[in-house]
1. Cβ-Cβ under 9 Å, sequence separation 6+ or interchain: first residue in segment 83-110 and within 12 Å of ILE21 (Cα to Cα), partner among the aromatic types (Phe, Trp, Tyr) and outside any helix (DSSP H, G or I). Which pairs?
2. Tally up the residues in segment 65-89 that are part of a helix (DSSP H, G or I), of a type in the set (A, V, I, L, M) and more than 25 Å from the chain's Cα centre (by Cα), please.
3. Just one of LEU266, LEU278, LEU256, LEU270 is in contact with a strand residue (DSSP E or B) (Cβ under 8 Å, 6 or more places away or on another chain), closer than 21 Å to PHE334 by Cβ and free of Cβ contacts under 8 Å to residues at least 24 places away in the same chain; which is it?
4. For segment 263-282, indicate whether the set of residues that are in contact with a Cys (Cβ under 7 Å, 6 or more places away or on another chain), open to solvent by less than 30 Å² (accessible area, probe 1.4 Å) and part of a loop (DSSP other than H, G, I, E, B) is non-empty.
5. Looking only at segment 167-190, decide whether some residue is under 23 Å from ASN264 (Cβ atoms), in contact (Cβ under 8 Å) with a residue 12 or more places away in the chain and open to solvent by 10 Å² or more (accessible area, probe 1.4 Å).
6. Taking the criterion of being open to solvent by 50 Å² or more (accessible area, probe 1.4 Å), in contact with a strand residue (DSSP E or B) (Cβ under 7 Å, 6 or more places away or on another chain) and either at pLDDT 55 or above or farther than 30 Å from ILE268 by Cα (or both), would at least one residue in segment 433-442 satisfy it?
7. Scan (1) at pLDDT below 95; (2) surrounded by fewer than 18 Cβ atoms within 10 Å (Cβ to Cβ) for the single condition GLY199 breaks and write down its number.
8. What pairs come up if the first residue lies in segment 340-352 and is open to solvent by 40 Å² or more (accessible area, probe 1.4 Å), the second is among the hydroxyl-bearing types (Ser, Thr, Tyr), and their beta carbons are under 6 Å apart, counting only those six or more places apart or on different chains?
Amino acid sequence: MPTVALHTLGCKVNFYDTEGIWQTFQHAGYTQVPFEERADVYVVNTCTVTNTGDRKSRQMIRRAVRTNPDATVVVTGCYAQVAPREVAAIAGVDLVVGNDRKSQIVSLVEAARSEQHPYADTEETVLPSAPQVGNILRTRTFEEMDVPWFEERTRANLKIQDGCNNFCTFCIIPYARGLVRSRKPENIVAQATKLAKAGYREIVLTGIHTGGYGADLDGYRLAHLLRALEDIPELYRVRISSIEASEVDEELVDVLASSTKVCNHLHIPLQAGHDAVLKRMNRHYTVAEFAQTLSHLRQALPELAVTSDVIVGFPGETDEQFEDTIHFIDEQQFSQLHVFPYSPRKGTAAARYTDQVAAGVKEERVQRLLALSEQLTLRYAKKFVGRTLEVIPEEPLAVSDASKNGGTLARSSAADEPVWLVGHADNYLKVSFSLPRGTSAPDWVGEVCTVRLTEAGSDLQTGTATGRVTSSDDQSDAAREEGRYA
C-alpha cells in the first residue's frame, strides 16, 4: 500500500485543504505516515503571506527530498501559486499544483509516478501532460473538498469560501488565492451535518475572507447561511473565524442576537487605529465607522467578546498615529489582540513604500500592544468570575500554560491530585479547569462542559467543572461513523 506524508504551513484554510487532500489520498488507497518518516509521496502545503513563509516552505520541501530522494514531492498552496517557477527549480520537486487544483493532486501524482520523470520547467510552468498552475484570478468556482473528519482535532473547521476582493496594500493573498468564491449553501449544510453527527461540538466557519461569503452569490450572504446552520439539530456551536467591520450589517446583527448556536465572539480585524494609516493600507472603513459597528453589536450583544488583528509599524506610521491606535483599542475594549509587526512582502504595493519604519521601533510598539492585550483580556475575564461558562476542553493543561499566570496554576502530578484540562469558552476565553475526582479526561475532552470561573488571568482563566452538557453517549456508534465516513 503506498504511503503519503503531508505538511502544512500557514492559516486554518491551508490546514482544512490539507485534510481534504488527505481524504483524496485515503480514498485512493494510501496510508498516511508522519512527515519525518520515509514516504512514497510528500505533499507540502505552503504559505506565502510573508517572506518568512516562503523561506519556511522551502525548508520543508528540502527536508522531504532529503528524507526520501526517490519519493514524489508535491508542492501546493500559496507559495506554489505565486512563484511556481521558483518552486519548480528546487531540486527534487516533481509537481507544483495551484490553489484551485488541489482536488486533482492524487491523479497528478499517479501520472507523475507512472511517467518517472521530474517536474518539467516549461514556459507555462506545467507538466507536459497537464497544467498545474493557472491564473487564479480567473477562477470563479469554489473547489469542493469534503472533509467529514479531522484527525486529532476537538473542533472542526468548515471552509465556506476562498479568495479575497480587498487587495490591501500589505497583502499578497488575492494573487495567491484569487477572488471570492463561495461554497454552495447546501454543500456547507451537508458537511456541517456530517461533522456534527461525527461528534464535533463546535464548528468554525473559515475561509480566506470568511465575512465576504456570498459576495459572488445572488443575494445570499453569511446571515442566511447562519440561519440555515441554526436548523441542524445535531449542531451545538458555530464560530465565525473572522469578519470585516464593513460586513456587519443589520441583518447579521439580528441573526447573531437571536441565535442559540453562534458563539458570543467575533474576530474583527482593525489593523490600525488611525484613518491615514487605514487609507494607505487600502482598508475599507474609517476609525469612526469601526467604532460605530462595535457599538451596534454591543447594543444587541452586551457581553460580546471582540478580538482583533493589529499591524504595527506600517510604512509611514508616526508615533502620534500609533498613540491614536493605542487609545482607540483601549477605548473600544477588545478582549484580545493578535499583534504583527509589519513585514514587507515582495509583490505588494506597501513593500515599495520608501518610508519604512525601523525594526527597533516596530518591536517596541509590538511589546506595548501585547501588554495592552493582556490588560484587556484580564479586564474582560473579570466580568465572569463566579459565573458558569460553557467550555469545550481540548487537551490536558500543560505546565507551560499553567505558568503563564504567574505559576498559580501549576499542579502536581500526584495520583490524588485532580485532573486539569484546558479549552475555550463560547466567548473565546481560554479556560483551565479541574475535573471532579474519579472522572476520566477522555470522557470530557471535546464535549461541552459547564465550568464555574474562579480566577481571572491575563491569558488563562481558572475554574472548576460542574457538569457536562453533551456526552459521547449522546450519539450511537453508528451515528458517529455515519458522520465520519458519510
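The values are calculated or read from the model by the stated rules, or taken from the named source; none is laboratory data. All of these numbers come straight from a predicted model, not from anything done at the bench. In this analysis, Cβ positions are derived from the backbone assuming ideal geometry, glycine residues included, and neighbour counts consider all displayed protein chains. Surface accessibility is based on the protein's heavy atoms, side chains included, excluding ligands, DNA and RNA. Shrake-Rupley method; radii C 1.70, N 1.55, O 1.52, S 1.80 Å.
1. That search, which allows pairs on different chains as well, returns VAL106/TYR30.
2. Filtering segment 65-89 down to residues part of a helix (DSSP H, G or I) leaves 65-67, 78-82, 84-88.
Imposing the further condition that a residue be of a type in the set (A, V, I, L, M) reduces the set to 65, 80, 82, 87-88.
After this cut, where a residue has to be more than 25 Å from the chain's Cα centre (by Cα) as well, the list is 65, 88.
Qualifying residue count, segment 65-89: 2.
3. Numbers: LEU266 fails: free of Cβ contacts under 8 Å to residues at least 24 places away in the same chain; LEU256 fails: free of Cβ contacts under 8 Å to residues at least 24 places away in the same chain; LEU270 fails: free of Cβ contacts under 8 Å to residues at least 24 places away in the same chain.
So the residue among LEU266, LEU278, LEU256, LEU270 that is in contact with a strand residue (DSSP E or B) (Cβ under 8 Å, 6 or more places away or on another chain), closer than 21 Å to PHE334 by Cβ and free of Cβ contacts under 8 Å to residues at least 24 places away in the same chain is LEU278.
4. First pass over segment 263-282, keeping only residues in contact with a Cys (Cβ under 7 Å, 6 or more places away or on another chain): 281-282.
This time we only want the ones that are open to solvent by less than 30 Å² (accessible area, probe 1.4 Å), so: 281.
Remaining after also requiring part of a loop (DSSP other than H, G, I, E, B): none.
So far as segment 263-282 goes, no, none of its residues is in contact with a Cys (Cβ under 7 Å, 6 or more places away or on another chain), open to solvent by less than 30 Å² (accessible area, probe 1.4 Å) and part of a loop (DSSP other than H, G, I, E, B).
5. From segment 167-190, those under 23 Å from ASN264 (Cβ atoms) are 188-189; that's our starting set.
Okay, now just the ones that are also in contact (Cβ under 8 Å) with a residue 12 or more places away in the chain, so 188-189.
With the extra rule that they be open to solvent by 10 Å² or more (accessible area, probe 1.4 Å), the set shrinks to 189.
Scanning segment 167-190 turns up at least one residue that is under 23 Å from ASN264 (Cβ atoms), in contact (Cβ under 8 Å) with a residue 12 or more places away in the chain and open to solvent by 10 Å² or more (accessible area, probe 1.4 Å).
6. Checked segment 433-442: at least one residue is open to solvent by 50 Å² or more (accessible area, probe 1.4 Å), in contact with a strand residue (DSSP E or B) (Cβ under 7 Å, 6 or more places away or on another chain) and either at pLDDT 55 or above or farther than 30 Å from ILE268 by Cα (or both).
7. Evaluating GLY199 over (1) at pLDDT below 95; (2) surrounded by fewer than 18 Cβ atoms within 10 Å (Cβ to Cβ) leaves (2) as the failure.
8. SER343/THR50
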